[in-house]
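**Q** Sharing a structure here in structure tokens format.
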């Protein structure tokens with residue numbers, strides 16, 4: 001049996017026999033230009049939604065929360081996790097990596113921030129997740145992090161596996177919301193998506209969950225590759241079972257990710 005067919009069968013069986021608890025959504029949406037129906041249609045077709053914006057008021061709240069909470073070192077240049085790094089406030093006017101050899105910094109316990117609840121339980125966000133997953137969504141995890149250049153001011157010759165194209169296997173079905181919290185251009189580590197690689201996967205995809213940068217030529221055939229740039233407050237949904245990567249930044253980037261899933265299983 002093909003993996004895609006098996007996955008679809010398991011998703012269908014789960015939703016047939018199991019209805020997840022309803023997530024209580026907020027009364028007010030802060031994503032006024034988000035069209036639920038067209039967003040779900042785009043996700044089903046290509047694994048990536050069109051971009052949309054969060055309201056200026058909520059964006060301001062998120063940034064204020066970031067400025068008043070410590071951020072902690074998470075990952076060294078060589079990919080080694082950092083478990084005992086000291087937290088500090090980040091200077092948004094001049095963000096710098098304050099621990100040697102660290103490229104990723106993350107905030108802790110953001111699910112308890114009031115503004116995070118306004119975003120996660122926004123009625124439009126919940127409805128997109130519900131329609132795409134085919135069941136009431138589970139809030140699986142949330143992550144808010146800074147990315148910094150690997151070597152001084154540039155990432156010249158930096159080729160960490162963390163930045164290779166890959167696809168996630170978090171659950172039978174899952175969906176992620178990304179929100180850029182600073183302006184992201186081609187030098188700020190934009191997220192890149194290979195559209196429509198989330199459905200049936202040929203053997204070369206199944207055998208290569210991560211693809212080295214040196215092996216990219218011709219690998220994705222005629223698939224459309226999209227680089228996602230935008231002003232702070234730019235949002236998009238993605239089913240990261242499709243191939244994607246985050247490019248090594250030459251300038252600092254801060255992004256919020258919220259993941260919704262069908263189950264709480266940990267598949268890898």
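**Q** Condition first: surrounded by 15 or more Cβ atoms within 10 Å (Cβ to Cβ) and either out of contact with any helix residue (DSSP H, G or I) (no Cβ under 7 Å at 6 or more places or on another chain) or closer than 16 Å to residue 249 by Cβ (or both). Now tell me which residues in the stretch 64-86 satisfy that. Before you say what the answer is, go through the steps one by one.
**A** So the first thing to find is which residues in the stretch 64-86 are surrounded by 15 or more Cβ atoms within 10 Å (Cβ to Cβ), and the list is 65-66, 69, 71-77, 82, 85.
The answer is 66, 69, 71, 72, 73, 74, 75, 76, 77, 82, 85.
**Q** Related question: Any idea which of (1) in contact with a helix residue (DSSP H, G or I) (Cβ under 6 Å, 6 or more places away or on another chain); (2) not in a loop (DSSP other than H, G, I, E, B) is the one residue 31 doesn't satisfy?
**A** The number of the failed condition is (2).
**Q** Out of curiosity, is residue 219 crowded, with 18+ Cβ neighbours inside 10 Å and touching a helix residue (DSSP H, G or I) at 6+ places or on another chain (Cβ under 9 Å)?
**A** Details: crowded, with 18+ Cβ neighbours inside 10 Å: no; touching a helix residue (DSSP H, G or I) at 6+ places or on another chain (Cβ under 9 Å): yes.
No.
**Q** Contact list please: Cβ distance under 7 Å, first residue in the stretch 52-70 and over 14 Å from residue 232 (Cβ atoms), second residue part of a helix (DSSP H, G or I) and modelled with pLDDT of 95 or more, pairs at least six apart or on different chains.
**A** Between residues of the stretch 52-70 that are over 14 Å from residue 232 (Cβ atoms) and residues that are part of a helix (DSSP H, G or I) and modelled with pLDDT of 95 or more, the close pairs are 65/115.
**Q** Still on this model: Does residue 128 count as in contact (Cβ under 8 Å) with a residue 40 or more places away in the chain and within 30 Å of residue 12 (Cα to Cα)? Step through it out loud before you land on a result.
**A** Working: in contact (Cβ under 8 Å) with a residue 40 or more places away in the chain: yes; within 30 Å of residue 12 (Cα to Cα): yes.
It is true that residue 128 is in contact (Cβ under 8 Å) with a residue 40 or more places away in the chain and within 30 Å of residue 12 (Cα to Cα).
**Q** Restrict the check to the stretch 54-69 and report whether at least one residue is under 20 Å from the mean Cα position of the chain (by Cα), within 23 Å of residue 139 (Cβ to Cβ) and in a loop (DSSP other than H, G, I, E, B).
**A** Taking every residue of the stretch 54-69 in turn, at least one turns out to be under 20 Å from the mean Cα position of the chain (by Cα), within 23 Å of residue 139 (Cβ to Cβ) and in a loop (DSSP other than H, G, I, E, B).
**Q** Mind listing whichever residues of the stretch 244-268 are within 23 Å of residue 138 (Cα to Cα) and assigned to a loop (DSSP other than H, G, I, E, B)?
**A** Those that are within 23 Å of residue 138 (Cα to Cα) and assigned to a loop (DSSP other than H, G, I, E, B): 262, 263, 264, 265, 266, 267, 268.
**Q** Among the residues that make up the stretch 196-206, is at least one of them within 21 Å of the chain's Cα centre (by Cα), in a loop (DSSP other than H, G, I, E, B), modelled with pLDDT of 75 or more and surrounded by fewer than 19 Cβ atoms within 10 Å (Cβ to Cβ)?
**A** So far as the stretch 196-206 goes, yes, one or more of its residues are within 21 Å of the chain's Cα centre (by Cα), in a loop (DSSP other than H, G, I, E, B), modelled with pLDDT of 75 or more and surrounded by fewer than 19 Cβ atoms within 10 Å (Cβ to Cβ).
**Q** As an exercise: evaluate residue 224 against (1) surrounded by fewer than 16 Cβ atoms within 10 Å (Cβ to Cβ); (2) on the phi > 0 side of the Ramachandran plot; (3) touching a residue at least 60 places away in the same chain (Cβ under 8 Å) and give the number of the one condition it does not meet.
**A** The failed condition is (2).
**Q** Out of 43, 34, 48, 10, which single residue is within 24 Å of residue 175 (Cα to Cα) and surrounded by fewer than 17 Cβ atoms within 10 Å (Cβ to Cβ)?
**A** Details: 43 fails: surrounded by fewer than 17 Cβ atoms within 10 Å (Cβ to Cβ); 34 fails: surrounded by fewer than 17 Cβ atoms within 10 Å (Cβ to Cβ); 48 fails: surrounded by fewer than 17 Cβ atoms within 10 Å (Cβ to Cβ).
Every option except 10 fails the conditions.
The values are calculated or read from the model by the stated rules, or taken from the named source; none is laboratory data. Nothing here was measured: the structure is a model prediction, and the numbers come from that model. Note that we place each Cβ from the backbone using ideal geometry, even for glycine, and neighbour counts take in every protein chain shown.
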